[in-house]
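Taking it in order: structure first as structure tokens, then the write-up.
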Amino acid sequence: MGECVQLIDGICLCKKWLLDYPSSAFSMAFVGLDGGATSTSATALDENGTVLHRARKDSGSNPYLCGVGTAAQCLSALIHEVREALLQTSPALEVDTCCITLSGVDDTDMRSRVEAETNRLRWSSYQRLILVGDTTAGFGFLEPDRPGIVLVAGTGSVARFRDPGNGVDRRCGGWGHLVSDLGSSCSVATQALSDMILAMEGVPRHEGDRYERLWDECCTYFTVNTLKRDQFRLWDRPL
């Protein structure tokens with residue numbers, strides 16, 4: 001599953017771009033970034049696809065959740081870290097292309113706003129800056145004229161079907177992890193918490209369900225001694 005999810009991030013999109021150009025045409029470094037609701041990662045590659053540096057921030061860069069400015073600042077910090085690392089390890093390489101896949105920017109208007117903010121911060125000084133939504137990046141690995149489905153499942157989830165020959169483009173999910181996005185990590189976690197609470201109150205969803213281990217994990221994570229209404233303030237703590 002990890003490898004399947006990895007196929008739709010900016011790092012792999014950057015690798016795909018490398019495959020389209022002969023390595024003898026340049027001697028450059030390339031940066032791929034992947035931003036979601038809860039974390040953002042970056043990887044620098046050389047022209048052979050060899051990883052030069054990895055960086056990660058445990059903060060999201062979905063502009064709908066954190067705002068356009070915060071998202072751009074997060075991306076900027078990671079790019080600065082990658083650049084500084086390359087100066088130390090590979091000073092002869094120049095960054096040619098930056099590929100960014102970002103949840104929330106399949107929408108044209110939001111993508112334009114993020115691009116404008118990156119230009120204002122003046123860190124997008126690459127020969128090529130590619131900014132696409134996470135599902136759009138996934139279609140980059142499919143044959144362009146054939147029907148295909150891309151599924152993204154992280155904090156939230158979205159599925160998208162495209163049939164270019166018939167002009168079909170359909171999405172399911174992607175409404176936001178707090179209200180929908182079935183199969184996402186947030187959806188799975190909140191369903192487990194809901195089932196656990198029902199069992200605690202004597203009305204288990206399934207007869208014989210046991211949640212002792214989950215209770216212990218919740219007590220540890222939410223820093224409470226026991227799961228009581230006067231102590232278990234889920235709404236005061238981040239999921």
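The values are calculated or read from the model by the stated rules, or taken from the named source; none is laboratory data. What you see is a predicted model, and the numbers here were worked out from it, not measured in a lab. Counting neighbours? That spans all protein chains shown, and the Cβs are built from the backbone with ideal geometry, glycine included. Ligands, DNA and RNA are excluded from the accessible area calculation, which covers all protein heavy atoms including side chains. Shrake-Rupley method; radii C 1.70, N 1.55, O 1.52, S 1.80 Å.
Take the Cα of residue 168, step 7 Å toward its Cβ, do the same at residue 108, and the gap between the two points is 2.3 nm. With N counted as the residues of segment 102-218, its alpha-carbon radius of gyration over 2.2 N^0.38 Å works out to 1.49. Counting only protein chain heavy atoms and rolling a 1.4 Å probe, the accessible areas of 101, 89 rank, largest first, as 89, 101.
Radius of gyration over Kirkwood radius for segment 91-153, both on Cα atoms: the Rg/Rh ratio is 1.05. Altogether, the Stokes-Einstein calculation at 10 °C and 1.306 mPa s, with the Kirkwood radius of segment 34-147 over Cα pairs as Rh, returns a diffusion coefficient of 108 µm²/s.
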